[in-house]
1. From the protein chains alone at 1.4 Å, what is the descending order of accessible area for E19, E52, E13, E30, largest first?
2. Tell me the label-point distance for the pair K36, E13, using the 7 Å Cα-to-Cβ offset, in nm and rounded to one decimal.
3. What is the magnitude of the charge dipole of the chain about its Cα centre, with +1 placed on the Cβ of each Lys and Arg, -1 on the Cβ of each Asp and Glu, and no other charges, expressed in debye to the nearest 20?
4. On the full set of protein chains, 1.4 Å probe, figure out the accessible area of M57 and give it in Å² to the nearest 10.
5. What number, rounded to the nearest 500 deg cm²/dmol, is the helix-based mean residue ellipticity at 222 nm of the chain, given -39500 (n - 2.57) per DSSP H run of at least four residues and division by all its residues?
6. Of G35, H54, Y73, which is farthest towards the positive pole of the chain's charge dipole, taken about the Cα centre with +1 and -1 on the beta-carbons of Lys, Arg and Asp, Glu respectively?
7. What whole-number value in Å² describes the accessible area per residue of the chain for a 1.4 Å probe?
8. Tell me which label goes with the value of Kirkwood radius over Cα pairs in Å computed from the coordinates here: (i) 14.6; (ii) 15.3; (iii) 13.9.
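The values are calculated or read from the model by the stated rules, or taken from the named source; none is laboratory data. Bear in mind the structure is a predicted one, so any value in this text is a computation, not a measurement. In this analysis, Cβ positions are derived from the backbone assuming ideal geometry, glycine residues included, and neighbour counts consider all displayed protein chains. These area figures cover heavy atoms from the full protein model, side chains too; ligands, DNA and RNA do not enter into them. Shrake-Rupley method; radii C 1.70, N 1.55, O 1.52, S 1.80 Å.
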Amino acid sequence: PGNKLVFTDGYTEGWKPAETPFMTAILLLEDVGEGKTRYTAIARHPTKEIREQHEQMGFHEGWGVVLDQLVGYVKGLKR
């Protein structure tokens, strides 16, 4: 608990399967000691073509921005 977050666009309202699912994301958080956490992001796509489309949309850069924002948020939390 608290170490893994999984989300997808594979379903719509009422848990109905999406007509054209794009991806499932898996975020893993691992305590590596000394107040540090390893963050692993995995994106799973239904086809190679959709994965390539996601890469062309700026997937890697976008997830890097998300991680930078997450780090900034965590640093701003009061302990």
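1. Largest accessible area first, the list is E19, E13, E30, E52.
2. 4.6
3. Using Cβ point charges on Lys, Arg, Asp and Glu, the chain gives about 400 debye.
4. Approximately 130 Å² for this residue.
5. -11000 deg cm²/dmol
6. Going by the Cα projections, it comes out as G35.
7. Per-residue accessible area for the chain comes out at 85 Å².
8. Answer label, from the structure shown: (i).
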